[in-house]
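First comes the structure, then the notes that go with it.
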Amino acid sequence: MSEAEAKQIERMKSILAAQKAAFRAERHRPLDKRKHDLDKIADLCRKNADAITDAISQDFGNRARIETAIAELAFVIQDAAHIKKHLNKWAKPKRVGVPLTLMPGKAVIRREPIGVAGIISPWNYPFQLAMAPLAAALGAGCRAIIKPSEYTPATAEIMKRLIAENFEEDHVSVVTGGPAVGQAFTTLKWDHLFYTGSTQVGRLVAMAAADNLVPVTLELGGKSPAIVAPDYPTEQAAKSIGWGKLFNAGQTCVAPDYVLAPNGREREIGQAIIDVAQHQFPEAASDDAYTSIVSDRHYERLNAMIEEARAAGIEVLQPEHDSQAAQAARKIPPTVVIDPPEDSAMMIEEIFGPILPIKGYAELEGALDFVNDRERPLALYVYSTDKTQAERVLDETISGGAGVNINLMHLSVPDLPFGGVGASGQGAYHGETGFRAFTHERSVLSTGKWHPSRLLAPPYGKFAERVAQRQMK
Ligand code: NAD
């Protein structure tokens, strides 16, 4: 561990202590203050849009500015506005009914801030995936410390500066560093730990949090399939899947990871996706609208997947491109791989880049078995104009979220909970679900001096017996 990392660990411990003390002093942050916090998040996005966009681009080598505008800045601004708009309703205590024996008691669920939250974020949407959980935490009345990814240091630095300029350190703060800082972060006694990243590290985070019984939200990854049903037109499937795969050069947790296509149509669909890519990015290597791969390590990993396929004689489709320019810009051209073996890296690991394997299936049932034989994905996409068939795919599979004839966009619907299931994560956020992720639902039963259940006290008499008999009916 570097000296700088050791310093960050000491710093985060003292900030956590300060945040806990501040939380004790203000357990129920008034809603108008929370709304003001959310406004500050939206304002800092608006006022610093260019600087944030530049920082992300610097981290990636090149990040399409429009992708940053849509998926980072606009997303966070809309999210903060949505939370603000619905906050009164979400935060309101909910009254529930009471059994006869407790009448005229009053049972209420109070939605209380859970306390101080730790937020660990990844590099692929380095701003959104730190700030959207933060907005949920602030809406819920919590305090938070963010630990961004070490792969996007410029974004981490600008977030650190903007947060310091807009919030007291004992309210919101950012600590920087790599896995050593992340690991130390997970051993602290948070009131909630919100982690976004790989399934592999998510497992370590869950184990570290378990030591302190810290509740976790785990937003993880996985291989999200796109199933094209026999009835679905090739061109439309290619347009949608190609777009979702190439957005942020495939470095999206819910990007279609692989395609299952009816036997015999793999190449036709693959070529159509390459045609779409060629049309969208005629010069991917030099086009600033086509995003680079975040680091040399990730770039080499993706190239190794393509090389593995080529070495095995597997068909690899790519648009014509200047490979030297692509390499210089750390870009992987849009790549489709026809029927790679199931034991190849691209069919085992989450791809997380613009490489799309296409496997064939004989019957839809075979495609469903293929999905169900693997870990539960973060998203699943089905392309079919036949509602019954699409419904069957949904009924017979399990995934965090799903799209019918669309991909990616389910996460932009503010009231749809966003999260994984099984190996792709646990817990969810966005909209009210995000508010609840950082909320403790405290059950409170209040009665007056007298209520019938007092008669249930020992020595038990006829009344207690009658109540028990009645309740067992
Ligand atoms: P990662 O797991 O390598 O890193 C994520 C964060 O964890 C970083 O801040 C990192 O410093 C920290 N970290 C690393 N080792 C740690 C440890 N031992 N203990 C605690 N923290 C540690 O993930 P990544 O490569 O940055 O992100 C890519 C992965 O994230 C992909 O699998 C992707 O699918 C997933 N992801 C999921 C979502 C979602 O919402 N479900 C969103 C984006 C990315």
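No lab work stands behind these numbers, since they all come straight from the coordinates. These numbers come from a predicted model, not from an experiment. Every residue, glycine among them, receives a Cβ derived from its backbone with ideal geometry; neighbour counts consider all protein chains shown.
Summary value for the chain: 19 percent relative contact order, contacts being C-alpha pairs under 8 angstrom separated by 6+ residues. Axis of helix 75-91 versus longest Cα principal axis of the chain: the two differ by about 20°, to the nearest ten degrees. Spatially, segment 265-279 and segment 342-388 are offset by 17 Å when compared through their Cα centroids. Using just the C-alpha positions of segment 229-419 as equal point scatterers, what log10 of I(q)/I(0) does the Debye formula give at each q in 0.08 1/Å? Computed log10 I(q)/I(0) values: -0.24. Of the residues A328, L129, Y290, the one whose Cα sits farthest toward the positive end of the charge dipole of the chain, with +1 on the Cβ of Lys and Arg and -1 on the Cβ of Asp and Glu, is L129.
In order along segment 263-274, the phi-based Karplus estimate (6.51 cos²θ - 1.76 cosθ + 1.60, θ = phi - 60°) of 3J(HN,Hα) comes to 3, x, 9, 4, 5, 4, 5, x, 5, 5, 5, 5 Hz; Gly and Pro are listed as x. For segment 229-419, the relative contact order works out to 27 percent when only alpha carbon pairs closer than 8 Å and six or more residues apart are counted.
Out of the DSSP beta bridges found with both residues in segment 229-419, what percent are antiparallel (nearest 5)? Provide the component values of the computation, followed by the final result.
On the way: 3 of 15 bridges.
Looking only at bridges with both residues in segment 229-419, the antiparallel portion is about 20 percent.
Pairs spanning more than 24 Å between alpha-carbon atoms, out of K239/K387; K13/K160; K35/K245; K7/K40: K35/K245; K7/K40. Comparing Cα centroids, segment 403-436 and segment 147-179 end up 25 angstrom apart.
Residue-wise HN-Hα couplings along segment 49-59, as the Karplus relation 6.51 cos²θ - 1.76 cosθ + 1.60 with θ = phi - 60° gives them from phi, are 3, 5, 5, 5, 4, 4, 4, 5, 5, 4, 5 Hz; Gly and Pro carry x. With the Kirkwood sum run over all distinct C-alpha pairs, the chain has a hydrodynamic radius of 24.2 Å. Residues whose amide H comes within less than 5 Å of that of G400, counting only those at least five positions distant or on another chain, are L378, A379, V421 (H built at 1.01 Å from N in the peptide plane). With contributions of -39500 (n - 2.57) from each DSSP H run of at least four residues, the per-residue ellipticity at 222 nm computed over the chain stands at -13500 deg cm²/dmol.
Contact order, relative form, for segment 106-186: 30 percent (alpha carbon pairs under 8 Å, 6 or more residues apart, mean separation divided by residue count). Here segment 283-302 and segment 316-333 have alpha carbon centers that stand 8 Å from each other.
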